[in-house]
1. Report yes if Lys72 is surrounded by fewer than 16 Cβ atoms within 10 Å (Cβ to Cβ), farther than 26 Å from Glu29 by Cα, touching a residue at least 24 places away in the same chain (Cβ under 8 Å) and basic (Lys, Arg), otherwise no.
2. On the basis of being under 18 Å from the mean Cα position of the chain (by Cα) and either buried (at least 19 other Cβ atoms within 10 Å of the Cβ) or part of a helix (DSSP H, G or I) (or both), does Gly14 make the cut?
3. Identify the residue in the range 141-161 that is at pLDDT 90 or above and part of a loop (DSSP other than H, G, I, E, B) and, among all such residues, is nearest to Trp69 (Cα to Cα).
4. Whether any residue in the range 137-150 is without any contact (Cβ under 8 Å) to a residue 60 or more places away in the chain and within 26 Å of Pro178 (Cβ to Cβ) is what I want to check.
5. Within the bounds of the range 83-101, is there any residue that is touching a strand residue (DSSP E or B) at 6+ places or on another chain (Cβ under 9 Å), of a type in the set (Val, Ile, Thr) and assigned to a loop (DSSP other than H, G, I, E, B)?
6. Could you tell me whether any residue of the range 23-32 is modelled with pLDDT under 85 and either assigned to a loop (DSSP other than H, G, I, E, B) or over 21 Å from Ala120 (Cβ atoms) (or both)?
7. Residues of the range 126-144 being among the hydroxyl-bearing types (Ser, Thr, Tyr) and surrounded by 16 or more Cβ atoms within 10 Å (Cβ to Cβ), which ones?
8. Which of the residues spanning the range 53-106 are under 22 Å from Ala143 (Cβ atoms), of a type in the set (A, V, I, L, M) and within 13 Å of the chain's Cα centre (by Cα)?
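The values are calculated or read from the model by the stated rules, or taken from the named source; none is laboratory data. Everything numeric here is computed off the predicted structure, so don't read it as measured data. Cβ placement follows ideal geometry from the backbone for every residue including glycine, while neighbour counts extend to all protein chains displayed.
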Amino acid sequence: MNVRILVANASHTGFAERICELMYISALERGTGIARRSPEYIVEKMISNKAVIALDGRNLVGFSYIETWSHKSFVANSGLIVDHAYRHLGIASRIKKRIFLLSREMYPKAKIFGITTGAAVMKINSKLGYRPVPFSELTQDEAFWEGCRGCRNYDILIRNEKRMCLCTGMLYDPEDHPKRKIANGIHQKTEHNTP
């Protein structure tokens, strides 16, 4: 098995239907809602190089994409999925790291966030420098919260006036990591020479 993690492009659009199917299956299995996306939406993400795809030869292994909110001051890494046959091999972590780095490359000043109920995703996020935060620190863009409408717990979010739900909000703020930068796709600490 030689799984490659790539920035998706127009050559990967043939996988859009299967990606949507895997997202739907994942949401059903977890009993929560990954916002339903159309194949056309996934294709747009690929064409604009705002997605990461994992491939084993010509087989789809996994996927994630970038969405911007609040005039690009917030970035969400969304739709993380891994095909059943490739789970528990560290691939989700590799996809998450690559989409995070792509987000930092494309939007270096933006705060990167996500909401999740998954302990594994929380662990991956923590390793990348995210911290748990109240929803008030996340984007207040109504279109983002509309994406939660497909979740079976949406009524909890609405009842709590979008301040809390069963998901945990996690945030990476570049201001909290002033010595980190992106160089050639690698997240690095910068060294400052002092006179």
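1. Values: surrounded by fewer than 16 Cβ atoms within 10 Å (Cβ to Cβ): yes; farther than 26 Å from Glu29 by Cα: yes; touching a residue at least 24 places away in the same chain (Cβ under 8 Å): yes; basic (Lys, Arg): yes.
Against the criterion (surrounded by fewer than 16 Cβ atoms within 10 Å (Cβ to Cβ), farther than 26 Å from Glu29 by Cα, touching a residue at least 24 places away in the same chain (Cβ under 8 Å) and basic (Lys, Arg)), Lys72 qualifies.
2. Working: under 18 Å from the mean Cα position of the chain (by Cα): no; either buried (at least 19 other Cβ atoms within 10 Å of the Cβ) or part of a helix (DSSP H, G or I) (or both): yes.
Against the criterion (under 18 Å from the mean Cα position of the chain (by Cα) and either buried (at least 19 other Cβ atoms within 10 Å of the Cβ) or part of a helix (DSSP H, G or I) (or both)), Gly14 does not qualify.
3. Out of the qualifying residues, it is Asp141.
4. yes
5. no
6. There is at least one residue in the range 23-32 that is modelled with pLDDT under 85 and either assigned to a loop (DSSP other than H, G, I, E, B) or over 21 Å from Ala120 (Cβ atoms) (or both).
7. If we filter the range 126-144 for residues that are among the hydroxyl-bearing types (Ser, Thr, Tyr), which is where we start, we get 126, 130, 136, 139.
If the condition is that a residue be among the hydroxyl-bearing types (Ser, Thr, Tyr) and surrounded by 16 or more Cβ atoms within 10 Å (Cβ to Cβ), then Tyr130, Thr139 are the ones that fit.
8. Ile66, Val75, Ala76, Leu80, Ile81, Ile99, Leu102
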